[in-house]
Structure formats: structure tokens, C-alpha cells
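Please read the structure below before turning to the comments.
The values are calculated or read from the model by the stated rules, or taken from the named source; none is laboratory data. Note that this is a predicted model, so its numbers are computed, not measured. Cβ placement follows ideal geometry from the backbone for every residue including glycine, while neighbour counts extend to all protein chains displayed.
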Amino acid sequence: MKKKIIYTLICGVLATSCSLDKTPYTALTNESIKNTQGALEVLNLGNYHTLKSWVENWHRVTEYPGDNVALSGTTTDNLFYNYTYQRLVTNSRVNDYWSNSYKIIAGTNAILGQLKEGESTSSDQIIAENLYLRSLMYFYLVNVFGKPYNQNPAQNLAVPLQLSDDPFEVLPRNTVKEVYDQIEGDLLKAEKLFNQYKSSIYGSVYSAQALLARLYIYTGNNQKALEYANKVISSGKFSLLTAANYTQIATGVPENNPENIFAIRFVKDVDYASNGWYTIGSLYASISGSGWGEMYASRTYLEEVRKYPEDVRYKFIAPKILNNSTQLQAYYVTDDYKYASVPVQKEGDDYTYTESGASKKLTRKSNGAGAWLYYITIGGKERSALVDYTLENRNGFLKYYITKCSGQEGQAHLWSPPISRLAELYLIRAEANAKLGNTAAALTDVNLIRTRAGIPAAGLWTADNLGTKTALDVVLAERKLELAWEGHRKFDVFRNGYTLDRKYPGTHLSVTTPFYTVEPSSKVIVEFIPEQQIVLSKKILTQNE
Amino acid sequence: MKVKFLLLSFMFLFFHELMAQKTTIRGKVVEANGDPVIGASVVEIGTTNGTMTNATGEFSLEAGKPRPRIRISSIGYKTVEMEVTSSPVNVTLGYEDSHLDELVVTGYSTQKQGEISASIVKVSQKELKDVKSPNVSNLLQGKIAGVNVVNGSGRPGENATIRIRGRSSISSSSDPLWVVDGVIAHGSPNINPNDIETVSVLKDAAATTQYGSRGANGVIVITTRRAANSGAGTFTVNIASGASHYNQGNFKLMNSQQMWDYYQTFTNPKSIPAAITQDVLKTNYNWLANGTQAGAYRDVSGSYMGKTDKTSFYASGNYYKEEGSVKGYEYDRLTARMNIDHKLTSKLSFKPKLNASFTSTDNRQHSLYDMYLNMPWDAPYSADGKILNPQAGGITWYGRDNRNYLYDQQFNYSKGQTFDIQSNFDFSYKINNQFSLESMNNLAYYNQTSMSYSDPQSNSGLANKGSIYQFSNRRIVRFFNQMLKYGNSFGKHDVSAFVAYEYSDYVYTSVGLTGKGIAPGSQIVDNAADFLSKEGTKNDYAFQSGIFQVNYGFHNRYNLQASYRLDGSSRFGESKRYGNFYAVSGAWNIHNEDFFKVKAVDNLRLRLSYGEVGNVPTGLYSSYSLYSLSGQYNGQPAAVPGQYQNPLVSWEKSKDANLGLELGLYNRLDFTLDLYNKNTDGLLTYITFPSTAGWSGYYQNIGSVQNKGVEFSVNASLLGKNSPVSWSAGFNIAHNKNQINSLKDGVDIPAGNKRYSEGRNIDSWYMRKWAGVNPENGAPQWEAVNATTGEVTLTSNYNSATLQFVGVSTPKFQGGFNTQVGFKGFTLSGNLAFSKGAYAYHSARELFDSDGAYPSYNQLMFKDGWSRWSASNKDATHPAASYNNTNASNKTSSRYLEDASFLRLRNVNLSYDIAGSLVQRLKLKSASVYVSGDNLWIATPFSGMDPEAALYGDATSQYASPKRVSFGLNVSF
């Protein structure tokens, strides 16, 4: 009897499953891809998925070195070095930007390596989408790590062109021109292959044409820029938002925004990790207890956007008023670029303040369109004054929160960043026309954008009121106003050989050796190749000066 | 003493001689196996009349009376006293209960210490119990040569990191394997230290080969208690309680005035915000003092042990509760264990075991990071005692992020519960006197649930109108081992062997949910108005093995052992799934040899072993290309490339040779010396691609690492058995030399701030080399090495400074010292641990010693000898400070690499065994009380909280092992 028990037990134990075949639950493998229908589409979407991680640092490396932002303190975050032009070879933000860019490039290479053109409409569409995404990646890489196209593009180094599906391939850097040529060729090919328009959150023939238009304006091929801008504008697929619903650029569902040509889709709740604390918008504003709110709209941007009180683009600025204060202040900037203020009282159109016991008025000048601009004379110098209720400040920097990167579908810092939208295409056409000498056509497009922004007719540009400005000047000024925080400004300045003016309050001026201005010839306008990447490449990659 | 006794005896003999009648007795003294015991002393009790046995063990003694009582003794044997009723007498001497006779659990089997040929160290229950911790890993520190135990965190319930004989793997685990009552555990086990009978640490391949692929980093074998003696059961109660004090070490932060003075040294005072005026001095808040405490701890356990002729029984229960020395964290654990051995028949025994633990944590812990960085100029409370919320605005706040962590902390919390149950259905069947069958069948179920709560009023809960996160994960581990054992003696030859089949598998699943929009006080996701996010994963692995081991002993002199294990692991591709591992070892008990008769030497053994063990990759699916499915785009599933395939990835193998020498003198002094050389080949490495590859990297077997070292330990009874004062002491020290011998194509592999490089230690720091302060201008300086000429120049430009090797993070030598003094029931013991030569990167200084780079963070007080550069102090350790400093002086460099050597009083303990009469009056078997102190003293040059925690834990906001004082009572009845 007892023996029986024992044998039963032994048999039972030995009979338990003894398999060593284990396959992952959280990932597809090469085998499962072969055996799964629709796996290619899942891989294709994988590249779009990675765009969501890519876009965070894309924003930080493109926008922070511009002049639309003012940081209010120091931070352990390496974005501080992007903002201050104090470049660092170990900047983790730059390294992450590099890594995610190439992750997408390799993802597109893997798909492009599997498909041949002309096999089916669906595979042509996937090829086209991947060519577009790869081009988009290279377009920003060449501009972040390589000097502008107008500076010796056949000599200056950009980034390595990885085009094959081989992770073991380590290539040296290509020149700026080589990278641009590759992008142009790929986009032209994609333009032909697209056969389906899904929506503005996927690559399309229009997004490829929009990027081509931008590429041509960057490379100085103005005629082509004009041609491609026209292709998109005249496609009839897109229309500008009205002034009244302008804020939908940020708060709307991206594919419902008729202006979007390509935007990176973030889904409410789902694409909203850590309560939004590590999003792009979280640095710009503290909303409903979420967000650092440490980087504010720059004073130069504020003065521009507040020139016409009707300008709807000011709706993306939310001044943080101290304890619901009802005390007005005239905020001005001192000679060492710090904020200062005097309390003022409103009397009709005037603001009065007290200086050394005497009552004084702010100087008042017309904006030419029925509103006033105010000035204060301090230390014998007339300074622009912006009148607001008493504002909160951080280390003396006024909290003009930027909300253009927040608030999609009511979620504090959800944002689907637009990569191309119709307003940019009008401004590309304007720039091309300005450069081709077609001033009237250029101003028409600029005024189209200004009118949409709510600026009254008296505030529009005419050949007569340009004064000392050129048509290009006003196009670029309009781009700054319209396309702020969409990753354009730094490139717009340097690719046109302009000097970046950063003489405004912000901690970029409180570092040991600050840059008050940045010349287009300066070596700091390109980022260092991340040191870690040079090491991993076994020094096949070389460093920028 | 002895001399006196001899003199007295002589006098007795003298008188005796005159009056006694004489009788001659003859006899022979032999060992258990029949061998003669030569030179044993034979004395007539009560006289000085004595003789010695000859070469055949025979003696002849003229006794003074007809039925004399004699005493026969010899070193190493149990002394025998007997009345001689007839002559000749045959006497068999048993071995003395020296440590050579102690049984040591060697893994799947048990051997006498004197027969072990591998490098195995046993730690008994008594030696373990000095330090107070719920985790057994913490109790091993400083007690075993070559076993480096580091407490990475002082939070209650945290496990220590253990390294046995250095690190031999780049990307696979270096943690040892834990085995509890024969069952391989997943990770370190949840076990009540009071339940432990012994811990054996298996160090060399000869010992660990039986665990094959699992044993490459050493094995820690725990055996839990069972009743040994039959008779009435014993009930034991242990009660201890005490307090843990926050341990700040050398890390001191500035007060309000010091912070102000620091601001005055900034070289760019114009950049300081105008709002920072002398008004800041009105507040001087000590955030660290506010957030730390003397946390109470209590440990109550009871156990019952009993044995009848058929059944032995052990049951215990334990309740452990500890509050952190950082406020707001509570750790509770209940454990219960039952071990039963029941003889069903003379041949069949059932040995069921059940161990369960329930751990719960309540986490409202104060944020250490915030306590360190918050400015002394900010106070968390308003004048009327309310907690301020600077995020809401309208409050002057100097620290960064406008963050008063106390505000959210008053509402928000997280809780965790772990239920861990191990059940064994083990049995053995004795086939005959030679063969027996052992069956081990274990099911382990580990279930953890946790939740965290964000109140709608808190800053973090504001946007979602409050949220609740609930998470649950479980692991199920099955382990089966069926073993056939054999043992026989052929005269002087002893043979034992076993062959076994083993299978184990593991599966992990988890699921988590977050809901938003809650009524304050809710605890479950169901109460949330809406869904916010989800998670859930699963992974698994399996091992399948065949094991064979044979032991041969000859005449108590020679022992040989050979082991073989065939191991299969699911972590490899199909063609590389199985690995062969073997070991051979031998020991020679020289002291038992006829030719070796040195009286002073009671033990002289030589051990020699050689073997091979393996290691598996940490990735469970290492052979595949993995397209991660965690992503989605616009609500559609998306796959992203991650790990790249390598179907040929295979076992990492270590060849390990060990030479051991043991020497025992006068039964009082024991020396052990081990030399080892371990070569690990086919190093499993996760090779990271440059980011241009897109794929993250792949597993490959490349390169080799060598660990060689020396371990020495000595244990001494300094005052002998006859002294009223007993005094024993032990010392151990180990040195390990680690070197990477080869890497793929000879090319270095970067690993963060470290780097793997041929000819170097695996833990070599690689960063910019700090070259002090430029005395001319106070600028920071680093070395710039010309790549072609090797010429070293100094630069103040961080970007152009050269990355280079600057030190290692493993100690040159480390060990421990312990001593115990006893007098009339009082016992005082102490345990010191030391480590020398390791360098720790003190990353906290990037933030807290930042030369103005982080002006809104509190800063570290200067250590003796540190000073800041100024025009009048040009020979300084610290560069000139400026507001928002961007000269990168605080970026990673050897500036913050510090000597983490230490000598630490791990524990001191005073106990008193309550005298016999009182114990008897209370009908107790024994009773003792003690007072004990952990981590009371440390000597170290390290400027942080804890040099140990910096090496293995978080060096940014360290939670050092607390200083702890406890009182305890142990009673048995």
C-alpha cells in the first residue's frame, strides 16, 4: 500500500510539464511577425509611436536656443545648456534627441528594406510614409548638428546617413549638402508613392510637399519653395482656423484642426504619463497643480504680440497674477536686463505713478490702430512698459505662462505638436516671394496671417509702411509671432544670416559667460555630437568645433 | 592550574602507594573504525597513577584497588571514564565534538566539516542574531571572509547587496543564489531570522557546481530549525524592541547664515535676484531635523519545538515592526513556519514544511531629496502652524520648484502588502541501508498588491481631481527535485553518492490600474469616476537539470568529491540551451595521519578543488529580436525594435580553482586560509549599439574576467575552559583582484561612468580627471590628455577635458572582527566590519557642492581641509563660486570620487543569562536579557552619509543604515 503511494507520487511529480520553450509576452519576435497578419502595419505605427518620445527633446533642442523663451532659474536638467548656449558634450537632452531620431530612422530602414515599390498600393503607401518620416528626422538632425545651408554645405559636416537595415553598420558623418540631397530625393519619391490620405496625424503627400517647401526655402531654392507651398495651399485639403477658434491649435483634437498638415498625435489620458509633469508644456506653465512653470514668454515676444490688443496669439500667454491682485504695475526692463516695475493707477487711457513724491504719467503712443503703447522714463531713458496686474515672479522673472503647448482636450499639459500647418506654408510662400523680389505678394500672405490673428487693417503691412524694414524682415517677424514654440525660430534666424538677440530678462544672462547675442557665424549655433555616441561609434563620429 | 593539580596528585600517590593493594589491568583503545588510538592517556581516577597507550593502542596499568575507575583521554576524542570490572578491557573512543564533527549543509547533502573538500563556511544561529534586521542578508555582514555584504538603504525591510568573491559578470546578475531547505529561491527569501538553524555559504565551484548555472555567484544555503532532542517540548519567546536613529554620517548641510555667507562669495553678485536680501536670515529651518526621528522597532517571536520517537515538530511565529528613521514609513511583517518530520514507517518519512509571511508597508515617507535640497530660508509652516503650499502662489519661496513636500505628503500615501508562502511536500524513502529516495516538491506563491493615493486637494492630484492606483503582481515558482541517494562503508572506505533530476519554473504576472476623479479618502479604483491608465505584463523562465555527485572518504584521512550537472535553461536559443558543469575536489586530513603526531595540532587539513559553473543572461528571452508591443499610436497597437537577436548566445562559464588550508591548535585556535582563482569565459554582455543602429543592442558571449584572491580567518578561544572569564575572538579578511582579460576585439565597453577595459578591474571608474583649482583665477581644472603624444595639460573647459580611468569601486580588502567576553552569565560581544580601497562617486555633491550652479539648493558644509578659492585664498580645494555657475565644475569628474574605506562598529551586544535558581523557581529552562546597538560608530573619510550605501545604493539622496539601540528578552520553558 505504502509503496503504491510512493510510486503514485513519483509519477505525478515526474509527469509535471518540463518544457524549456518560453517566448516573450511583451514583444513580437521575427517568427511571430512572419506569422502575424498586419504585423507590418504594427511596425509602421511603431515609428509613429517613437515620434511621441522624440518630440519632447526635439522641442527642447530647437525651441530653447531661440528668443521666445525666458528661463527663470537654474536647473539640474541639461536643457539649461540648450537654453544658455553653454554647450555640453554630455548633454543628455541632446543625446536622447539623437537616439530617438535614429531609432525612428532605423525603424523606417527596417520597413523600407522589406518592401519594394510598385508591389501594391498599400505597400507603396507604407514606403512613402516611411520615406517621409526618415526625411523629417534627417531634416531636423542636419539643422541641429550641422550649420545652415548657406554656410558652405558641401564642406560642413552634419550627421551620418544610415539608410540600410543593418545595426552593425557604423558610418561617418555626411556633409550638410549630402544630407539635404538625400532628403530631397526621398521626399520627391514619397510624393509620387503616396496614394491615400489618412489624416493629418499620418504622413501624406501634403506633409511631404510641406517639408519639401521648407527644405527649398532653407536651401535658398525660392522658386521651388514657392511651387511646393502652392501645391499644399491649393490642394484644398487645409484651411486656416478663424481668429475666434485660433486656440484650437493647442486645445483641439489635432486631426480635427483644418490647419494641420502633419501633427504628432497624443491621446488623452493614454499618452499622458506622470500626470503631465514631464511634458513639453509642463516647463511653461503650472496648470491645475501640474507643471514646473519655470520658463516664460520672453519680453521681446511679449512686446511684439501685445502691440495690437486684438492679436489672438496673445491668448497663448497666461500672466500669473499674484493673489488676484487688483494693483496695476508698469513692468519695464532695466539696463542690466532685469524686470522692474512701478505701481500705476488707470485714469482713462493714462496710467499714473508716483516718483519721488510727484505724480507722473506713462508716456503714451498710438499703435496706429486705435490702441496705445506705453513707455516709462527711468534713468533718463524711455523704456517700453507693459501694464499688468501685479504678477508672480520666480527669481525676479515674471510669470508669463505659455499655454500653446498645453490643454489639449482639457488635459493640463496634453499637446499634439504640429510639425507642419497651413500658416507656415503661407509664410514660406511669403518668404520665397520676398526673396524673389515680389514684395507685394509676400506682404499679401503676411497680412493674410495677421488678419486671421485679428490684427485690424491699420496694423497690416503695405509697401509704404515698411519703413527701414525689408519684406524678409516682416516675414521673419511674422514667423516668430505665428510659429513660436513650434521649433522654427532658431533656424529662421541663422539660416537667413541674422543675429539672434537675447537681450531680455532670463537666466541665460546670469551665467558666468552669457551670450547677449548669437552671431550666425558662431560655432555655438550647432550642438555637439553627444560624447556617448562618439564613444559607441569607436570614434568614427567626429566632434563639432 | 595543571601544574598544581599534578603536584597534588604526586603527593596523593606517595601516600597511596604505602597503603594500597595492587591490581594490573590491561586493555586496548581503538577508534570507532577499529584503528588503535596511540598515545592516549590512561589514568586511575583519584590518583596520579597513569600510563599511555602504545603503537597498537594497548596499555597496562598497575591500579591501586581491585575495581578501579579509569579515565582515558586523547586530543580529538571524547574522554571516557569507566569502572574496570575485568581485564583486559576494550575501549572505543568517539571523536570529540570539535567543529570537525559539526554537520554542515553543503547543498543537496550534509557533510561533516572534517570531510568537506570545497570552500564552504557555516554560520550558526547564534552568530547571526546579533544585528537586528528582518532580512537575513543584512545579518551576514563582516562575518565571512570573501563575502561582501552592503546595506544600500536604511529603509526598514530593505535587502542588502551580497557579493561573494568579487564580480565575475558584466551584464548578468552578480547576486548569489539562495537555497532554503533545499529549494532554490527566486531572489532573496522572506524568512524570519529566528527560524534559521544554520547558514552555509558556498564559495568555490566544487561547492556550487551542484547548482550548475545558478551557482556562479556563490550559494547561500539556509536550513531552518527542527527539533533535535526528544523529550518534552520547548517553548521559546524572544522579545526585542528599540529605536532607529537617522544616521547622517559626515553629511552636514548649511544653516540660514551659512547659506547667506555662501551667497556673499559669488563672483557675480549682480546676477543674484533682488528678492534675496538679508530678510532671508529671519528664517532658519532645519528640514532634515523635521523629517527624521528615532523610529521604534519591535520584534516578537515565539516558537515551539518537540520530538517524539516518530515525529519532530517545529513551529514558530514572528511579528516584526519597524518605523523608518526617516519619518512616515512603517514596515510590518508577520511570519509563520511549521516544519514537521514524521516517520510513517521505519522506511518512509514525510517532511512537510510551510512558511508564510505577510508584509505590509505604509509609505508616507518624508522626501529625503527635498529635505536635503530645501533652503534653510524657507519654512514649511506659516506663523499659525499651517502647512504652506507655495505652488498655489503668493508665498515667498527661495528653494527651487516652489515645492514644500510636506503639503502633498499630508494627504497622499501608498501602501503595499506582500503575501509570500512556501510549501514543501517533501518525503524520503529508505530503500535499504544503502539506498534512499529523497523527494523535494515545493510550491512558492508570492503575491504583492499595492496602491497609491493622490488626494484631490494635493498638488499632484489637482489635475485629475484625485487619483488612485492599484497594482497587483504575483510570482509562482515550482520546484521539484527527485534524488536517489547511496551511502556505504567498505572497511576504511566510505562512499556516498546521489543522482537527481530537477525541474523548476517561474511565472510572473502583473496588472495595474489608475482611476481619476475620486471622493477624498477612497481606497479603491472602483470609486474613481473615470479610468486613467492601465498596465500589465507577464514573463517566465524554466530550468531543467540532471545532477550527479559522488563522495569518497578513506579512513578519515582522504576525501574526494566529484560533481556533474547538466543544466538546461529557457533563456537561451534552442541550439544552446544545455550546458555541462562539473567539479572535482579533494581534502587531506593530515592530522589523522600516523606520521603526523604533533600534539598541539588538532586539525591540519588541505583542500583542493577545481570546477566549472555557469551563469545565464538577465534577459529572459535573450536569443530573440524583440519588437516591443508596449507602444500605440492614436489608439492602434505599435511595435518598436528593442533587443537584437543572437540565437547563438550561450552560457557564461567560470572555471574556478581553490586551495584551502585549515589549522587547529590546542583546540583553541583555528586558522583557515583559502586561495582561489576564478576565470569566467564567454562573458555574457549586452552590447549596446550606437544609437544610429536603432536597435538597442544584443547579448553576446565575449571576453573573460578573472577573480583571484585570498581569504583568511582566525577564530580563537583566548581564555580557556577553566577560566572564570571566557574570551573568544574572530577575525577575517579577504582580498580579491579582479581583472578583465579579454573583450570583443579588445575594444572597451562603456558603461555609464564606468568602462570595461582589458587588463582592468570590472568596476573601473571612467570620467574626467579633476586637477584642482587654478590658483590664478579660481577656475576648475581637468586633465586634457593628448591622444597621440599622451602629454597631459590642464584645461578649464569641461568639454575638452579627457575621459580617463580614475579608480575602482571595489575594495582592495575587506573583512570583519568579532569578539565575545563572558563572565558569570554576562556576555559582551562586538562585531566590526571594515573595507579599504574602494572609491565611491558621491553624486550628491553635483547638487550640494555645486559652486553656485544650483543656488536654490541647500549646500554641503565643507569638510576639514576644504576651502573656497578667493583672491586671498589661492590654494583652495573648491573653485570660485558664482550664481548660476555654468563652468561645469560640478559635472561628473573625479572631483567627487571619494575614498569609501571604512571601519564600522556593526554591532555591540551585552547579554545576561539569568542565574539558575531564579530560572528554576520560575520553572523556566533558560532566560536571558540583552541590550544591543547597531552601527553606533564609523570611521571613514567619505563626506557623505554612508560609504557603503554610496557604493551600491543611491548616492544622491542617501538613506543610510540607521543607528539602532534595542533591548531584548529570550525565555525558554
Name the strands (runs of 3 or more DSSP E) wholly inside region A:364-411 in which the number of residues that are more than 30 Å from B:N402 (Cα to Cα) is 2 or more. A:372-378, A:381-389
So the check is Cβ under 6 Å with 6+ separation or different chains; which pairs have a first residue in region A:268-295 that's more than 20 Å from B:P456 (Cα to Cα) and a second one that's assigned to a strand (DSSP E or B) and not aromatic (F, W, Y)? A:L283/A:M295; A:Y284/A:M295; A:Y284/A:I402; A:M295/A:V69; A:M295/A:L71
Provide a single number: the residues in region A:46-72 that are in contact (Cβ under 8 Å) with a residue 40 or more places away in the chain and within 11 Å of chain B (Cβ to nearest Cβ). 9
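So that you can scan it fast, the table gives a plain yes or no per residue for (1) modelled with pLDDT of 95 or more; (2) under 25 Å from A:K103 (Cβ atoms); (3) crowded, with 23+ Cβ neighbours inside 10 Å:
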{"site": "A:V142", "(1), (2), (3)": "yes, yes, yes"}
{"site": "A:Q151", "(1), (2), (3)": "yes, no, no"}
{"site": "A:V179", "(1), (2), (3)": "yes, yes, yes"}
{"site": "A:N195", "(1), (2), (3)": "yes, no, no"}
{"site": "A:S199", "(1), (2), (3)": "yes, yes, no"}
Just one listed residue, out of B:A562, B:A542, is in contact with an Asp or Glu (Cβ under 9 Å, 6 or more places away or on another chain) and either of a type outside the set (K, R) or away from chain A (no Cβ under 14 Å) (or both), and it is B:A542
Would you tally the residues in region A:73-94 being more than 8 Å from chain B (Cβ to nearest Cβ) and either in a helix (DSSP H, G or I) or touching a Lys or Arg at 6+ places or on another chain (Cβ under 8 Å) (or both)? 8
Evaluation of B:T827 against (1) over 31 Å from the mean Cα position of the chain (by Cα); (2) among the hydroxyl-bearing types (S, T, Y); (3) farther than 17 Å from B:P780 by Cβ (one fails), failing number: (1)
Check region B:430-445 and report whether any residue there is of a type outside the set (K, R), closer than 30 Å to B:N412 by Cα and within 14 Å of another protein chain (Cβ to nearest Cβ). no
Out of B:M305, B:M338, report the one residue that is in contact with a Leu (Cβ under 7 Å, 6 or more places away or on another chain) and either of a type in the set (D, E, K, R) or over 30 Å from B:Q248 (Cβ atoms) (or both). B:M338
Of the listed residues (A:A208, A:A244, A:A285), the one being of a type outside the set (D, E) and assigned to a helix (DSSP H, G or I) is A:A208
Candidates B:V280, B:V300 - the one that is out of contact with any Lys or Arg (no Cβ under 7 Å at 6 or more places or on another chain), of a type in the set (V, I, T), surrounded by 18 or more Cβ atoms within 10 Å (Cβ to Cβ) and not in a loop (DSSP other than H, G, I, E, B): B:V280
Name the single residue, out of those in region A:249-272 being more than 10 Å from chain B (Cβ to nearest Cβ) and outside any loop (DSSP other than H, G, I, E, B), that is farthest from A:V55 (Cα to Cα). A:N256
Please go through region B:647-662 and give me each residue that is among the hydroxyl-bearing types (S, T, Y) and under 24 Å from the mean Cα position of the chain (by Cα), ordered by number. B:S654
When you scan region A:525-544, do you find a residue that is more than 9 Å from chain B (Cβ to nearest Cβ), surrounded by 14 or more Cβ atoms within 10 Å (Cβ to Cβ), over 18 Å from A:L141 (Cα atoms) and modelled with pLDDT of 95 or more, even just one? no
Just name the residue that is farthest from the other protein chains (Cβ to nearest Cβ) out of those in region A:160-197 that are assigned to a helix (DSSP H, G or I), among the aliphatic types (A, V, I, L, M) and without any contact (Cβ under 8 Å) to a residue 40 or more places away in the chain. A:L188
Failed condition for B:I395, given (1) buried (at least 20 other Cβ atoms within 10 Å of the Cβ); (2) within 12 Å of chain A (Cβ to nearest Cβ); (3) of a type in the set (V, I, T), with all others met? (1)
Taking B:S349, is it in a strand (DSSP E or B), under 30 Å from B:V495 (Cβ atoms) and in contact (Cβ under 8 Å) with a residue 24 or more places away in the chain? yes
In region A:355-382, what residues are surrounded by 12 or more Cβ atoms within 10 Å (Cβ to Cβ), in contact with an Asp or Glu (Cβ under 9 Å, 6 or more places away or on another chain) and basic (K, R)? A:K361, A:R364
Against the condition under 30 Å from B:K465 (Cβ atoms), modelled with pLDDT of 95 or more and away from chain B (no Cβ under 12 Å), how does A:A330 come out, does it pass? no
From the list B:L620, B:L661, which residue is among the aliphatic types (A, V, I, L, M), touching a strand residue (DSSP E or B) at 6+ places or on another chain (Cβ under 8 Å) and within 14 Å of another protein chain (Cβ to nearest Cβ)? B:L620
Single residue of B:P855, B:P811 found to be assigned to a loop (DSSP other than H, G, I, E, B), under 30 Å from B:F712 (Cβ atoms) and not hydroxyl-bearing (S, T, Y): B:P811
Can you tell me which residues in region B:30-74 are farther than 15 Å from B:P88 by Cβ and either of a type in the set (F, W, Y) or part of a strand (DSSP E or B) (or both)? B:E31, B:S41, B:V43, B:E44, B:G50, B:M52, B:R69, B:R71, B:S73
Please state which of the following conditions B:V507 fails to meet, knowing it meets all the rest: (1) more than 13 Å from chain A (Cβ to nearest Cβ); (2) assigned to a strand (DSSP E or B). (1)
Just one of A:N130, A:N100, A:N143, A:N156 is polar (S, T, N, Q), more than 14 Å from chain B (Cβ to nearest Cβ) and touching a residue at least 24 places away in the same chain (Cβ under 8 Å); which is it? A:N143
Please state which one of A:I264, A:I321 is at pLDDT below 95 and among the aliphatic types (A, V, I, L, M). A:I321
Residues located in region A:344-387, provided they are more than 21 Å from A:Y400 (Cα to Cα) and among the charged types (D, E, K, R): A:K346, A:E347, A:D349, A:D350, A:E355, A:K360, A:K361, A:R364, A:K365, A:K381, A:E382
Filtering region B:636-653 down to residues that are touching a strand residue (DSSP E or B) at 6+ places or on another chain (Cβ under 6 Å), outside any loop (DSSP other than H, G, I, E, B) and free of Cβ contacts under 8 Å to residues at least 60 places away in the same chain, which residue is nearest to B:N217 (Cα to Cα)? B:Y644
Only residues that are aliphatic (A, V, I, L, M) and either in a loop (DSSP other than H, G, I, E, B) or away from chain A (no Cβ under 11 Å) (or both): list them for region B:794-808, please. B:L794, B:A801, B:V806, B:V808
Filter region B:857-876 down to the residues that are crowded, with 23+ Cβ neighbours inside 10 Å and over 39 Å from the mean Cα position of the chain (by Cα) and list them by number. B:W869
